[in-house]
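Structure, as structure tokens:
The values are calculated or read from the model by the stated rules, or taken from the named source; none is laboratory data. Note that the coordinates shown come from a computational prediction; the quantities given were computed from them, not determined experimentally. Positions of Cβ are generated from backbone atoms using ideal geometry, with glycine treated the same way; all protein chains shown enter the neighbour counts. Note: areas computed on protein heavy atoms with side chains; ligands, DNA, RNA excluded. Shrake-Rupley method; radii C 1.70, N 1.55, O 1.52, S 1.80 Å.
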Amino acid sequence: MAGFAFAIACSPKEVAEPVNYWPQAGVTYEIFVQSFNDSDGDGIGDLNGVTEKLDYVKELGANAIWFMPIMPSPSYHKYDVTDYRAIHPDYGTMEDFKNLLDEAHKRDIKIVIDMIINHSSSEHPWFVESRKGRDNEFRDYYVWAQKDTIAESIEKKVITLDSDNIRQWHDPGNGEDFYYGFFIGGMPDLNFDNPKVREEIYDIGKFWLEEVGVDGFRLDAAKHIFPDDRPLDNHAFWKEFRAKMEAIKPDVYLVGEVYDKKEIVAPYLPGLPALFNFDFHYTLLEALNTENGMLLAKKQKEILDFYQGITPNFIDATISSNHDQPRLLNELGSDPEKYKQASAILLTMPGAPYLYYGEEIGMLGLKPDENIREPFLWDLKEKDKGRTSWIEPVYSTDATVTPLSIQKEDPNSYFNHYKGLIFMRNTHPALAIGSLELASEVYPKSVMAYFRKAQNEEIFVLHNLGEKEITVDVPKEFSNKIYQLGGAVYAEGKVKLGKNSSILLTK
Ligand SMILES: [Ca+2]
């Protein structure tokens with residue numbers, strides 16, 4: 001891709017260059033295969049369905065896909081794996097997946113898959129064996145304790161951001177011993193104190209990188225490999241994991257889910273060079289919903305400086321929503337202008353932005369989780385051959401969401417808004433990998449103002465997060481408008497910003 005090559009040529013000295021910076025130069029599109037596109041008419045999305053839509057992913061401007069779990073599992077979401085070396089039969093075959101990889105790579109689209117190693121399914125053959133008794137050869141693949149020794153801690157766990165479960169020890173119903181499962185009884189935690197388990201996991205990584213050919217992994221529940229009171233062991237494990245994976249594929253991309261605040265997240269960076277920034281998501285919502293312009297900009301500056309102090313080689317994986325959050329449009333009071341501005345902020349700030357499937361057409365959804373993972377709307381229902389039907393949608397229907405085919409024809413649609421923004425990021429290195437500097441000028445409270453600087457380019461970004469129209473002065477040298485949203489107007493050193501409008505200026 002031209003923009004990508006340009007980014008390499010112009011990467012500034014002051015910005016650290018990670019091995020991978022394609023995630024920053026574009027956007028990674030998160031796909032829940034089950035709901036995406038059905039190629040064989042059984043109502044369930046599948047891998048061949050994704051292959052059919054790779055041109056669409058390319059048209060949107062995404063340069064990578066993150067697949068939510070694709071391995072065999074008894075649950076619809078598949079975050080509890082029963083076979084780490086296969087494809088879920090609902091989704092297709094390994095051949096289908098290899099074909100998808102070939103077609104994606106032909107289009108310069110990287111493929112990152114969800115890797116769930118903290119726990120397996122309780123139906124995984126390892127656990128089926130392990131639960132048979134203390135003498136079983138797979139006993140120590142999981143964490144077992146005699147009931148009396150853990151009586152005090154069976155339900156001691158506090159609720160965390162990523163789990164509202166409080167029962168951590170589970171009774172298999174066949175003896176004295178309980179097993180540890182951070183999330184639920186159906187997801188027993190693997191025992192990473194057992195070197196055999198670690199070897200199994202590294203072999204699985206090798207299988208997907210070497211034999212199958214994926215570009216990287218999204219590491220689920222990375223904070224929970226060892227219990228919460230052993231963070232140092234967690235950090236050490238991921239460093240070992242990274243070394244093992246890089247020995248197989250030096251440019252492997254590893255992005256981790258450590259669902260917590262920056263102080264807890266940062267020490268994982270040496271092992272997981274890209275980590276999701278959940279603070280970004282929450283602060284973006286708060287900034288937009290309270291019309292507090294600099295809240296997110298200041299927070300991001302703080303986070304990036306903090307991370308820089310840990311390691312210069314990191315990728316800040318920014319999200320405005322994902323499969324665990326209510327749909328972004330719902331979070332923003334179904335206000336279309338706020339919604340468009342949220343993505344204008346995401347795609348003009350530093351980091352590796354992620355886009356959850358369906359956000360580009362303004363899909364809706366609230367918890368429970370199934371309803372934030374509803375079928376994508378390719379066309380009006382009677383004409384939509386690919387629309388999945390595994391679930392009856394509650395929030396995203398033809399009555400509430402304009403299907404893609406209609407949005408494509410409308411220059412003001414969400415789809416064309418996202419496409420335009422992603423194209424801009426892809427073609428401006430300062431937006432992709434430039435540094436972040438906050439404006440020192442004091443603007444009205446609703447204004448978010450920052451500079452993005454790369455070696456040969458400097459961009460001044462202004463957003464008005466408020467309802468009220470304002471006019472502000474901008475630095476004289478920034479007189480060339482490259483983008484506007486919501487009718488923002490530049491004239492003679494001043495910018496007029498209406499409700500939720502944004503503007504980007506260069507020298
Ligand atoms: Ca299907």
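If you check every pair at least six apart or on different chains, which have Cβ atoms under 8 Å apart with a residue in region 20-43 that is at positive phi first and a residue that is open to solvent by 10 Å² or more (accessible area, probe 1.4 Å) and more than 13 Å from the ligand (Cβ to nearest atom) second?
Correct list of pairs: empty, since none qualify.
Only one of (1) assigned to a helix (DSSP H, G or I); (2) surrounded by 18 or more Cβ atoms within 10 Å (Cβ to Cβ) fails for ARG218. Which number is that?
(1)
From LYS499, LYS481, LYS494, which residue is at pLDDT 95 or above, touching a Lys or Arg at 6+ places or on another chain (Cβ under 9 Å) and open to solvent by 40 Å² or more (accessible area, probe 1.4 Å)?
Exactly one of LYS499, LYS481, LYS494 is at pLDDT 95 or above, touching a Lys or Arg at 6+ places or on another chain (Cβ under 9 Å) and open to solvent by 40 Å² or more (accessible area, probe 1.4 Å), namely LYS499.
Out of the residues in region 415-462 meeting the condition of being of a type in the set (S, T, N, Q) and farther than 21 Å from GLU337 by Cβ, tell me which one is surrounded by the fewest Cβ atoms within 10 Å (Cβ to Cβ).
Narrowing region 415-462 to residues of a type in the set (S, T, N, Q): 416, 426-427, 435, 440, 446, 455-456.
From what's left, farther than 21 Å from GLU337 by Cβ: 426-427, 435, 440, 455-456.
Working: ASN426: 23, THR427: 18, SER435: 15, SER440: 7, GLN455: 16, ASN456: 11.
Once the filter is applied, the top-ranked residue is SER440.
Of (1) farther than 20 Å from VAL112 by Cα; (2) at pLDDT 95 or above, ALA317 satisfies all except one. Which?
The number of the failed condition is (1).
Anything in region 81-116 that is of a type in the set (Gly, Ala, Ser), in a loop (DSSP other than H, G, I, E, B) and more than 16 Å from the ligand (Cβ to nearest atom)? List them, or say none. Even if it seems obvious, please write down each step before you answer.
First pass over region 81-116, keeping only residues of a type in the set (Gly, Ala, Ser): 86, 92, 104.
From what is left, the residues that are in a loop (DSSP other than H, G, I, E, B) are 86, 92.
Listed by number, the list holds a single entry, ALA86.
Could you check how many residues of region 54-79 are under 19 Å from GLY420 (Cα atoms) and in a loop (DSSP other than H, G, I, E, B)?
The qualifying residues number 3.
Take the residues in region 385-414 that are closer than 29 Å to SER75 by Cα and open to solvent by less than 20 Å² (accessible area, probe 1.4 Å), then tell me which one is nearest to the ligand (Cβ to nearest atom).
Ranking the qualifying residues of region 385-414, first place goes to THR388.
Just checking, how many residues over region 49-73 are free of Cβ contacts under 8 Å to residues at least 40 places away in the same chain and either within 9 Å of the ligand (Cβ to nearest atom) or among the charged types (D, E, K, R) (or both)?
Going through region 49-73 one residue at a time, the tally reaches 0.
Scan region 124-145 and give yes if some residue there is closer than 16 Å to ASP193 by Cβ, of a type in the set (A, V, I, L, M) and not in a loop (DSSP other than H, G, I, E, B), otherwise no.
Within region 124-145, one or more residues are closer than 16 Å to ASP193 by Cβ, of a type in the set (A, V, I, L, M) and not in a loop (DSSP other than H, G, I, E, B).
Can you pull out the residues in region 89-121 that are in contact with a Ser or Thr (Cβ under 9 Å, 6 or more places away or on another chain) and on the phi > 0 side of the Ramachandran plot?
Within region 89-121, GLY92 is the sole residue that qualifies.
Tell me which of these LYS78 doesn't satisfy, since it passes every other one: (1) open to solvent by 70 Å² or more (accessible area, probe 1.4 Å); (2) within 16 Å of the ligand (Cβ to nearest atom); (3) under 24 Å from PRO227 (Cα atoms).
Condition (1) is where LYS78 drops out.
Among the residues that make up region 63-70, is at least one of them open to solvent by 20 Å² or more (accessible area, probe 1.4 Å) and modelled with pLDDT of 95 or more?
No; the residues of region 63-70 include none that is open to solvent by 20 Å² or more (accessible area, probe 1.4 Å) and modelled with pLDDT of 95 or more.
I'd like to know if region 174-193 contains one or more residues that are under 30 Å from PRO23 (Cβ atoms), in a helix (DSSP H, G or I) and open to solvent by less than 50 Å² (accessible area, probe 1.4 Å).
So far as region 174-193 goes, no, none of its residues is under 30 Å from PRO23 (Cβ atoms), in a helix (DSSP H, G or I) and open to solvent by less than 50 Å² (accessible area, probe 1.4 Å).
With the requirement that a residue be open to solvent by 10 Å² or more (accessible area, probe 1.4 Å) and either assigned to a loop (DSSP other than H, G, I, E, B) or in contact with a His (Cβ under 6 Å, 6 or more places away or on another chain) (or both), what does region 351-372 give you?
Residues satisfying the conditions are LEU364, LEU366, LYS367, PRO368.
Within region 152-169, can one find any residue that is closer than 24 Å to VAL265 by Cβ, at pLDDT 85 or above and open to solvent by less than 90 Å² (accessible area, probe 1.4 Å)?
Among the residues of region 152-169, at least one is closer than 24 Å to VAL265 by Cβ, at pLDDT 85 or above and open to solvent by less than 90 Å² (accessible area, probe 1.4 Å), which makes the answer yes.
When region 229-262 is examined, which residues are found to be open to solvent by 70 Å² or more (accessible area, probe 1.4 Å), without any contact (Cβ under 8 Å) to a residue 24 or more places away in the chain and either assigned to a helix (DSSP H, G or I) or touching a Lys or Arg at 6+ places or on another chain (Cβ under 8 Å) (or both)?
If the condition is that a residue be open to solvent by 70 Å² or more (accessible area, probe 1.4 Å), without any contact (Cβ under 8 Å) to a residue 24 or more places away in the chain and either assigned to a helix (DSSP H, G or I) or touching a Lys or Arg at 6+ places or on another chain (Cβ under 8 Å) (or both), then LEU232, ALA247 are the ones that fit.
If I filter region 21-48 down to residues being open to solvent by less than 10 Å² (accessible area, probe 1.4 Å) and away from the ligand (no atom under 16 Å from the Cβ), which single residue comes out as nearest to ARG327 (Cα to Cα)?
GLU30
Looking at region 219-264 only, could you name the residues that are out of contact with any helix residue (DSSP H, G or I) (no Cβ under 6 Å at 6 or more places or on another chain), closer than 24 Å to ILE166 by Cα and among the β-branched types (Val, Ile, Thr)?
ILE264
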